[in-house]
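What follows is one structure encoded as structure tokens, with my remarks underneath.
Coordinate-derived values only; no laboratory data. Values in this document were obtained by computation on a predicted structure and should not be read as measured data. Cβ placement follows ideal geometry from the backbone for every residue including glycine, while neighbour counts extend to all protein chains displayed.
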Amino acid sequence: MRRALFCAVLALASAGALHAADEPTVYAARVSRVFDGDTLWVKPLDGGRYRKLRLDGIDAPEICQAGGTASRDALARRVLNQVVAVSVRHHDDYGRGLARLTHQDDDIAAWMVAQGQAWSYRWRRSLGPFQAEEARARRGRKGLFADASAELPREFRQRHGPCPRPD
């Protein structure tokens, strides 16, 4: 198990690094909390503080949006309390690391989209990095895509604002 994780971390470290300044931060960590379908907390295995991460390349429904709790629960069932390989590309405006997570040789973001629990993150005219997984999930009417009126989180936030914070 540790050897496989070490190999996964090494593969993430070598994947896509263009320049020293662009190299992702790579480490192994245990998932300690799943906040929603694309945000979670991890504790690095080599010590240090807990880190809040957002899965890079996907957009999951808001927790107060239709499908939000199902998306969170799917992610939690897959990775909560599990050891994952983390590759942080950069940080978003909220200070969260934008990360690629790998568990048992699966890219977790791609898995979430393939399960119909998140959209491939759209940017300008691009359908995002997981457009093939999303197309298959749509054809299979999986998860969110069973509802033809499922609303992108960006559009939901524009119409309703942010979800209320739990107390």
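Once Lys and Arg get +1 and Asp and Glu get -1 on their Cβ, which of SER120, PRO164, PRO24 lies farthest toward the positive end of the dipole of the chain?
Result: PRO164.
Using the count of nearby Cβ atoms within 10 Å as a rough guide to exposure, how do TYR121, TYR94 rank from fewest to most?
Fewest-to-most Cβ neighbours within 10 Å comes out as TYR94, TYR121.
Once you have all Cα-Cα distances for the chain, histogram them in 10 Å bins from zero and send the whole-percent values.
Percent of Cα pairs in each bin: 11, 39, 36, 14, 1.
Could you work out how far apart the two model spin labels at SER126 and ALA66 are, taking each label as a point 7 Å from the Cα in the direction of the beta carbon, and quote it in nm?
Distance between the two pseudo-spin positions: 3.0 nm.
What nm distance separates the two modelled labels at GLU155 and ARG49, each placed 7 Å from Cα along Cα→Cβ?
Taking the two extended label points, one gets 3.8 nm.
Note the per residue figure in Å³ for the convex hull of the C-alpha positions in the stretch 84-167.
Given the Cα convex hull of the stretch 84-167, per-residue volume reads 153 Å³.
Magnitude of the Cβ-charge dipole of the chain, K/R +1 and D/E -1, about the Cα centre, nearest 20 debye?
180
Using a 10 angstrom Cβ neighbour count of at most 10 plus a DSSP loop assignment to flag exposed trypsin sites (Lys or Arg not before Pro), which longest range of the chain is free of such sites?
Maximal segment without exposed cleavage sites: 50-123.
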